[in-house]
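K.L.:
Please find one structure pasted underneath; my questions will follow.
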Amino acid sequence: MSKKLILLLLPCIILLAACAPQPAEPVTLRLMTHDSFEISEDVLNQFTADTGISVEVLKSGDGGAALTQAILAKDNPLADVFYGVDNTFLSRALDNDIFMSYNSPELKNIPDALKLDPQNRALPVDYGDVCLNYDRAFFAQSPLDPPASLEDLTDPAYANLTVVENPATSTPGLAFLLATIGHFGTDGYLQYWSDLKANGVAVADGWEDAYWGQFSAASDGDRPIVVSYATSPAAEVFFAETPPAESPTAAVVSDETCFRQIEFVGVLKGTKYPAEAKKLVDFMLGKTFQEDIPLNMWVYPANSTASLPDVFTKFSVVPQNPATVSPEDIQSNRENWIEAWTQTVLQ
Amino acid sequence: MKSEEQIVKLSSLFTIRYSLFLLPLAFFILFYFYPLGAILKLSFAPAGGLDFSALGKLVRTGYYLRVLSFTFWQATASTALTLALALPGAYVFARYDFPGKATLKAVSTLPFVLPTVVVANAFTALLGPRGVLNGWLMAFFALPRPPIDLTHTIWIILLAHVFYNYSVALRIISSYWQNLPADVTEVAQMLGASPARAFRHVTLPMLKPAIGAAALLVFMFSFTSFGVILILGGAKFATIEVEIYRQAVNLFNLPVAATLSLVQILFTFGLMWVYTRTQSNMARPAKLKSSRSVQRAVRTAKDRLIVGGNLGLMMVLLASPLLALILRSFRGENGWTLTFYRELFINRRGALFFVPPGEAIFNSTAIALTTVVFAVALGIIIVLMLTTGEHRWQKWLDPLFMLPLATSAVTLGFGYIIALNKPPLNLRGSLILVPIAHTLVAIPFVIRSVLPAVRSINPNLREVAAVLGASPRKVWRAVDFPLIRRALLVGAVFAFTVSMGEFGATVFIARPQTPTMPVAIIRFLGQPGALNYGQALAMSSLLMLVCAVGFIGIERFRLGDEGEF
């Protein structure tokens with residue numbers, strides 16, 4: 001019996017040991033971020049080797065959930081640096097005053113178009129476009145051309161071909177709703193969505209369900225058009241069982257069909273280590289870290305001196321003129337837009 | 001002298017027992033009521049004054065009432081359907097002994113640990129417009145188009161809830177049934193009652209406590225269902241749980257989120273209160289029997305029909321989607337392959353969050369075993385608390401311990417952020433918070449599994465033991481424990497399951513780099529590419545394997561030589 005008790009208690013002991021305070025080390029920074037954050041171990045180790053600063057990454061749910069936790073913990077911050085607030089949530093972060101200003105020297109390499117906070121509390125770190133993707137094989141066999149504009153999707157020839165995500169529950173879903181608002185304006189987007197509904201658009205709860213459950217190029221589903229990312233075709237090549245000459249999917253990148261998500265990094269107010277936290281931000285905006293971003297998170301580096309991996313240059317295209325909506329507009333209208341969308345499309 | 005000594009001994013026993021009772025109370029206050037209170041206070045009274053303006057909006061827009069009524073009736077239908085299908089199965093598992101029983105029971109519990117996206121795809125692979133069943137039907141009857149289309153209907157939601165919850169009903173009811181004497185039913189039949197009549201008037205009343213407990217758990221699970229409804233039901237079905245997440249995270253509207261959480265909690269508390277009242281009146285001491293004396297081998301043609309029929313149903317309903325997933329994990333673009341499994345072990349990009357399968361298995365198992373130990377220990381104490389003597393407060397206490405099952409994960413998670421932020425309780429981002437949160441959700445399973453068994457112990461047995469000179473502790477070890485052992489194992493299996501299958505949606509906390517198996521699955525599902533999907537399925541299959549081994553291991557677990565009951 002006592003042996004069994006020990007066996008039972010063992011996991012507790014291991015856990016407690018794992019949680020016990022580590023012997024005093026120089027400085028360990030906590031980096032709070034969303035669940036999609038990924039980077040090479042070597043890159044982060046290099047930062048520690050160069051500066052003596054260790055980094056502990058704290059994943060905290062999706063982008064919105066992570067930001068909400070950072071705001072709730074404002075008085076006694078959970079972390080020193082926050083990575084991954086995007087332009088749809090930027091105003092909420094700035095209104096709640098969680099970041100301190102930091103004019104990083106690396107900002108000189110970042111295009112002004114990405115800088116949305118003049119006080120540099122939130123510094124642009126990466127960007128990616130939410131775009132329509134289509135199944136190449138389907139359109140190769142079909143007399144139809146692949147869609148080239150948002151308007152195409154409401155053409156009866158494209159009936160029952162598209163799956164989108166619910167903007168109330170999904171980040172790409174919200175981004176695509178914003179693309180339609182940017183393109184059709186606040187007076188026109190609801191009419192567009194009601195036409196889309198009449199044309200048999202399917203609404204999935206999240207990207208996983210849309211892509212793995214209903215997109216014909218990636219699942220048993222029967223929808224050849226899906227809302228995904230401009231980099232998805234490149235990821236399809238990179239993660240293929242045997243590297244194909246051409247991606248099985250393609251992104252629609254014509255003007256005002258995509259919405260650009262820009263992610264920001266910032267030093268959290270109340271950190272005990274502002275100097276070290278700033279060093280980490282510099283590192284994240286620097287070339288080494290930036291060049292490691294694409295293959296790990298499938299978005300583009302904000303730093304224009306960072307070179308791109310082959311699979312990006314060959315199989316991914318950056319839309320030149322994505323639809324735009326300002327962070328302030330998004331912040332003040334998000335609830336109304338989503339509610340109006342829900343009433344138009346779901347009820 | 002001697003009697004004084006006895007009194008001292010007795011009173012110290014009394015103190016020990018009551019200080020033991022403080023343990024689960026402290027746990028719940030610290031990790032449930034305190035964080036919940038903190039987040040509700042922040043939501044309703046951000047500037048000191050109370051603000052219930054959100055409530056008015058909820059009542060005004062009828063939308064939320066529709067959400068509530070849909071949530072309620074789909075949960076009721078799911079519960080009824082699950083019980084109807086699982087009751088015959090429970091009979092077979094309680095009364096028959098047949099080869100492969102333990103394995104089949106383990107398989108029936110596997111759905112519980114799988115992420116909804118993966119399960120949804122298994123359903124699509126079998127029942128979808130391009131699925132196996134429609135393929136067969138179209139080929140067989142030469143149909144031009146798929147005859148079955150369940151996509152985004154209420155039927156697929158109900159089917160999925162049965163798929164997920166079948167084993168809850170099966171395990172709780174069969175473990176209780178197994179201890180009931182078969183002779184009463186036989187006597188009734190000898191006296192001329194038809195089998196149906198004997199079942200309705202003799203067996204069913206005796207089973208009520210277990211059926212009630214199972215029904216309650218299934219109802220709560222369906223009531224707070226998140227993924228199943230969103231993914232299988234499509235965007236047009238919404239439950240309160242979904243609405244809370246949307247309000248809190250997407251709109252940062254904490255007052256509305258808190259109000260909805262409170263509605264959900266109060267509704268559950270009311271339901272639980274009614275349930276607890278009926279249950280404590282219903283449970284009566286039964287003559288519990290050793291399982292060996294009531295189980296028989298499959299001999300006659302009728303036996304074969306009953307056992308075969310039920311096992312067939314379980315194969316179709318539970319095993320076929322699981323099998324579809326496993327087969328799929330071995331199928332690449334050029335036929336059968338081990339690529340996806342091999343790929344699990346390779347960290348191509350040297351990624352920081354790469355999860356070596358061995359490490360994920362270790363982490364998941366360690367956290368799950370810790371949860372089992374916490375939940376079973378606290379669960380037993382709570383059951384003792386609820387069954388020692390008869391007190392008015394017990395009726396109020398029992399529903400309270402069920403609340404974590406009905407509390408939105410976001411609400412409680414946000415509560416942790418603002419409540420557990422100062423030493424010595426600064427547990428934010430600490431690993432120990434993970435099994436603690438799992439334990440909160442697992443305890444209701446332990447209580448509901450064990451309570452009916454404890455209540456059905458004949459008090460005479462205890463009295464006889466005490467009269468014969470056994471100390472209270474000895475009475476517990478010799479009388480109570482052997483009789484509730486099986487119920488306890490059922491609770492332990494579910495505690496293990498709750499923890500193994502948790503992937504960040506049920507328990508919402510920031511976590512350090514300790515990847516578990518479900519977290520690894522979600523990570524693969526997050527990016528496009530056939531390799532990612534294949535690896536997600538491979539990891540899901542490994543998760544099923546580890547869980548099945550865990551279930552069988554727990555069921556074989558013995559403490560000392562308590563005899564076969």
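K.L.:
Need one word for segment A:223-347: rounded, prolate or oblate. Basis is the Cα gyration tensor (sqrt eigenvalues a ≥ b ≥ c); a/c below 1.5 gives rounded, then a/b vs b/c decides.
P.N.:
Oblate, since a/c reaches 1.5 and b/c is not below a/b.
K.L.:
Next question. If we sort B:176-186, B:463-473, B:241-251 on the protection proxy, mean other Cβ atoms within 10 Å, highest first, what's the order?
P.N.:
B:241-251, B:176-186, B:463-473
K.L.:
Further, regarding this structure: Is there a simple number for the mean count of other chain Cβ atoms within 10 Å of the Cβ of residues in A:65-72, and what is it?
P.N.:
6
K.L.:
Helix-derived [θ] at 222 nm for chain B: sum -39500 (n - 2.57) over DSSP H runs of at least 4, divide by residue count, nearest 500?
P.N.:
So the calculated ellipticity at 222 nm is -22000 deg cm²/dmol.
K.L.:
Also, quick follow-up: Taking each residue of B:365-373 in turn, how many C-beta atoms of other protein chains fall within 10 Å of its C-beta, and what is the average?
P.N.:
Mean partner-chain Cβ count within 10 Å for B:365-373: 4.
K.L.:
Something else about it: Take peptide B:119-130, look around each residue's Cβ out to 10 angstrom, count Cβ atoms belonging to other protein chains, and average those counts.
P.N.:
Mean inter-chain Cβ contacts per residue within 10 Å come to 3.
K.L.:
Sticking with this structure for a sec: Before anything else, pin down the relative contact order of chain B: Cα pairs under 8 Å, at least 6 apart, normalised by residue count, whole percent.
P.N.:
Once normalised by length, the contact order is 22 percent.
K.L.:
While we're looking at this one, here's another question. Around A:Pro248, with a cut-off of 12 angstrom between Cβ atoms, what is the net charge of the other residues, counting Lys and Arg +1 and Asp and Glu -1?
P.N.:
-4
K.L.:
Kindly rank B:450-462, B:305-317 from highest to lowest mean number of other beta carbons found within 10 Å of each residue.
P.N.:
In decreasing order of mean packing, B:450-462, B:305-317 become B:450-462, B:305-317.
K.L.:
From the residues A:Ala218, B:Phe219, B:Phe362, which one has its Cα farthest along the dipole of the protein assembly as shown in the positive direction, the dipole being from +1 and -1 charges on Cβ of Lys/Arg and Asp/Glu about the Cα centre?
P.N.:
The listed residue farthest towards the positive side: B:Phe219.
K.L.:
If each residue's Cβ is checked for other Cβ atoms within 10 Å, how do A:Thr171, B:Thr439, A:Thr305 rank with the fewest at the top?
P.N.:
With the sparsest Cβ surroundings first, the list reads A:Thr305, A:Thr171, B:Thr439.
K.L.:
I need the phi-derived Karplus couplings for segment A:261-267: 6.51 cos²θ - 1.76 cosθ + 1.60, θ = phi - 60°, integer Hz, Gly and Pro marked x.
P.N.:
Values per residue, Gly and Pro as x: 9, 10, 9, 10, 10, x, 8 Hz.
K.L.:
Determine the distance separating the Cα centre of segment B:89-134 from the Cα centre of segment A:28-49; give it in Å without decimals.
P.N.:
Cα centroid of segment B:89-134 versus Cα centroid of segment A:28-49: 40 Å apart.
K.L.:
If you average the C-alpha positions of segment B:451-495 and of segment B:340-380 separately, how far apart do those two centres end up, in angstrom?
P.N.:
35
K.L.:
Could I ask something else about it? Highest mean first, what order results for B:386-393, B:405-412 on Cβ atoms within 10 Å?
P.N.:
Packing order, densest peptide first, comes out as B:405-412, B:386-393.
K.L.:
Additional query: Under the rule a/c < 1.5 gives rounded, and otherwise a/b versus b/c splits prolate from oblate, where does chain A land using the Cα gyration tensor?
P.N.:
Judged from the Cα gyration tensor, chain A comes out prolate (a/c at least 1.5, a/b above b/c).
K.L.:
What number, in percent, do you get for the relative contact order of segment B:70-199 if the mean sequence gap of Cα pairs under 8 Å and at least 6 apart is divided by its residue count?
P.N.:
37
K.L.:
Also, I was wondering about something else. Taking the number of other C-beta atoms within 10 Å as the exposure measure, put B:Arg17, A:Arg136 in order starting with the fewest.
P.N.:
B:Arg17, A:Arg136
K.L.:
Let me ask another. Starting with the fewest neighbours, write out B:Thr203, A:Thr242 ranked by other beta-carbon atoms found within 10 Å of each beta-carbon.
P.N.:
Sorted ascending by nearby Cβ count, the order is A:Thr242, B:Thr203.
K.L.:
For segment B:73-203, what is the charge dipole size about the Cα centre, in debye to the nearest 20, if Lys and Arg each add +1 at the Cβ and Asp and Glu each add -1 at the Cβ?
P.N.:
120
K.L.:
Answer rounded, prolate or oblate for segment B:272-425, using the Cα gyration tensor with square roots of eigenvalues a ≥ b ≥ c: rounded when a/c is under 1.5, else prolate when a/b is larger than b/c, else oblate.
P.N.:
Oblate is the answer for segment B:272-425, as a/c is 1.5 or above yet b/c matches or exceeds a/b.
K.L.:
Additional query: List the aspartates and glutamates whose Cα lies under 12 Å from the Cα of A:Lys269, skipping any in the same chain that are fewer than 8 positions away.
P.N.:
Partners within reach: A:Asp75, A:Asp80, A:Asp97.
K.L.:
Normalised by the number of residues in segment A:95-221, what is the relative contact order in percent for Cα pairs under 8 Å and 6+ residues apart?
P.N.:
Once normalised by length, the contact order is 22 percent.
K.L.:
Within straight cross-link reach of B:Lys302, meaning Cα distance under 20 Å, which aspartates and glutamates are found once same-chain residues fewer than 8 apart are removed?
P.N.:
Excluding near neighbours in sequence, the set is B:Asp97, B:Asp183, B:Glu186.
K.L.:
Now, a different point. In a shell of Cβ-Cβ distance under 14 Å around B:Lys395, excluding B:Lys395 itself, what net charge do Lys and Arg (+1) and Asp and Glu (-1) give?
P.N.:
Once positives and negatives cancel, what remains is +1.
Computed from the coordinates by the stated procedures, all read-outs in this text should not be read as laboratory data. What you see is a predicted model, and the numbers here were worked out from it, not measured in a lab. Positions of Cβ are generated from backbone atoms using ideal geometry, with glycine treated the same way; all protein chains shown enter the neighbour counts.
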